[in-house]
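Right, one structure below, let's go through it.
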Amino acid sequence: MKRIVVLHNAVPADAPPEDFDTLVQADAIMKAIGQLGHEPLRLSCTLDLSTMIAQLRRLRPDLVFNLVEALADFDALAHLPIAVLEAFGIPHTGSSAESFFLTTHKVLAKRRLQLVGLPTPAWVEGPEDIDRRSQDLPAVGSWILKGVCDQGSRDMDDDAVLRDIGPTELRERMTQRAARSGRPCFAEQFIDGREFAIAMLAGPHGPETLPPSEIQFHDFPPGKPKIVGYRAKWIEGCFEYDQTPRHFTFASGDAPLLNRLRDLATQCWAHFHLHGWARVDFRVDSFGNPWILEVNANPCLAPEAGFAMTLHETSLPFADAIERILEDPV
């Protein structure tokens, strides 16, 4: 029997819904750890990481199950507890601090994807990048604005998609977005197509790709961007939430595409040195070309979330998946 600390970020009473999802994950994992015959312990952390280490020294865990997704409401800081764990030699689940930071910082992740020759949509890093690259940008293009380190589709809704605009207007919209959110953003070429995800789980012989899933955009009116924005992820009962189900059944003609997605996801696992569990999100354009949108090193493990739904498709019990994550520590 091992003593396993489930570590997550502290969640204040006035936190947004995505933060409370962290507590749902922690509850589910605590239960699974107990079912596996281990002793589950729970610990929340803040930016006061010296207190976190003092508490861990008192608890003396054999392993930390890391669920930290943000600190002080900044997703960009989520790698810091992992870095502290590694500095003090405390083993943990999930990816390393370096991999976690690299995948959280979407621009750095895209640079890595480009460097190793994996397909990712073109991007502009910031308003100043438009000034430097004005001659290389299309006179008219369609873009989607994203936070550089924001997770969970924070601040991403219909107005994040900018259709048929030139560099000058793009610069203005990026400046406005950064001023409104107080966080850096970038613009990514908008791929108006199908959206897929490949979840992966550590196994005895390397990562296993789980059944591919596709987001369906039911009854979206003309002109409404087909994206999985903040409302689609977190606002239960709204149109976007109800009309973007995930499905796992595909036509036989999709087999080559799905195999390509699995291969790309496996390459991402290797190039980003991932551990435990992960998910890679894709868009597929009208020509059938896949584009990597994001490499997620810690996709949500809540029982109703996409990763758990994918496990259900494989008939793999949740506790068994947690055991495989526990067996692939850093």
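Of all residues in the range 245-266, how many are open to solvent by 60 Å² or more (accessible area, probe 1.4 Å) and within 23 Å of Val107 (Cα to Cα)? Spell out how you get there, then give the answer.
Let us first name the residues in the range 245-266 that are open to solvent by 60 Å² or more (accessible area, probe 1.4 Å), namely 246, 249, 251-253, 256, 259-260, 262-263.
From the residues that got through so far, the ones that are within 23 Å of Val107 (Cα to Cα) too are 262-263.
Count: 2.
Of all residues in the range 166-197, those being assigned to a loop (DSSP other than H, G, I, E, B) and either surrounded by 16 or more Cβ atoms within 10 Å (Cβ to Cβ) or touching a His at 6+ places or on another chain (Cβ under 7 Å) (or both) number 5. Is the range 284-295 home to any residue that is open to solvent by 30 Å² or more (accessible area, probe 1.4 Å) and under 21 Å from Asn66 (Cβ atoms)? Yes, the range 284-295 has at least one match. Among the residues of the range 1-45, the one identified as among the hydroxyl-bearing types (Ser, Thr, Tyr) and open to solvent by less than 40 Å² (accessible area, probe 1.4 Å) is Thr22.
Looking at this structure, is Trp269 touching a helix residue (DSSP H, G or I) at 6+ places or on another chain (Cβ under 6 Å), under 24 Å from His312 (Cα atoms) and surrounded by 18 or more Cβ atoms within 10 Å (Cβ to Cβ)? The answer is no for Trp269. Checked against (1) modelled with pLDDT of 90 or more; (2) at positive phi, Gly182 meets all criteria but (1). When Pro40, Pro81 are checked against the criterion of being at pLDDT 95 or above and touching a Leu at 6+ places or on another chain (Cβ under 9 Å), Pro81 stands alone in meeting it. Collect the residues in the range 198-208 that are open to solvent by 40 Å² or more (accessible area, probe 1.4 Å) and in a strand (DSSP E or B), keeping them in residue-number order. Across the range 198-208, the qualifying residues are Pro204, Glu208. When the range 136-160 is filtered for residues that are among the charged types (D, E, K, R) and crowded, with 21+ Cβ neighbours inside 10 Å, the ones remaining, listed by number, are Lys146, Asp150. The number of residues in the range 259-302 that are assigned to a helix (DSSP H, G or I) and of a type in the set (D, E, K, R) comes to 3.
Would you confirm whether or not the range 108-130 contains a residue that is acidic (Asp, Glu), at pLDDT below 95 and part of a helix (DSSP H, G or I)?
Yes.
Under the condition of being of a type outside the set (Gly, Ala, Ser), assigned to a helix (DSSP H, G or I) and open to solvent by less than 50 Å² (accessible area, probe 1.4 Å), the residues counted in the range 222-244 number 2. Taken as a whole, the structure places Arg163 among residues that are surrounded by fewer than 18 Cβ atoms within 10 Å (Cβ to Cβ) and at pLDDT 90 or above. Only a single item in (1) surrounded by fewer than 22 Cβ atoms within 10 Å (Cβ to Cβ); (2) in contact with a strand residue (DSSP E or B) (Cβ under 8 Å, 6 or more places away or on another chain); (3) within 29 Å of Arg183 (Cβ to Cβ) is not met by Ala87, and it is number (2).
Taking Glu214, is it in contact with a Lys or Arg (Cβ under 8 Å, 6 or more places away or on another chain), touching a residue at least 40 places away in the same chain (Cβ under 8 Å), of a type in the set (D, E, K, R) and open to solvent by less than 60 Å² (accessible area, probe 1.4 Å)? Judged against the criteria, Glu214 is not a match.
The values are calculated or read from the model by the stated rules, or taken from the named source; none is laboratory data. Predicted, not measured: the structure shown is a model, and the values here were computed from it. Virtual Cβ from ideal backbone geometry, glycine too; neighbours counted across all protein chains shown. SASA here: full protein model, heavy atoms, side chains in, ligands and nucleic acids out. Shrake-Rupley method; radii C 1.70, N 1.55, O 1.52, S 1.80 Å.
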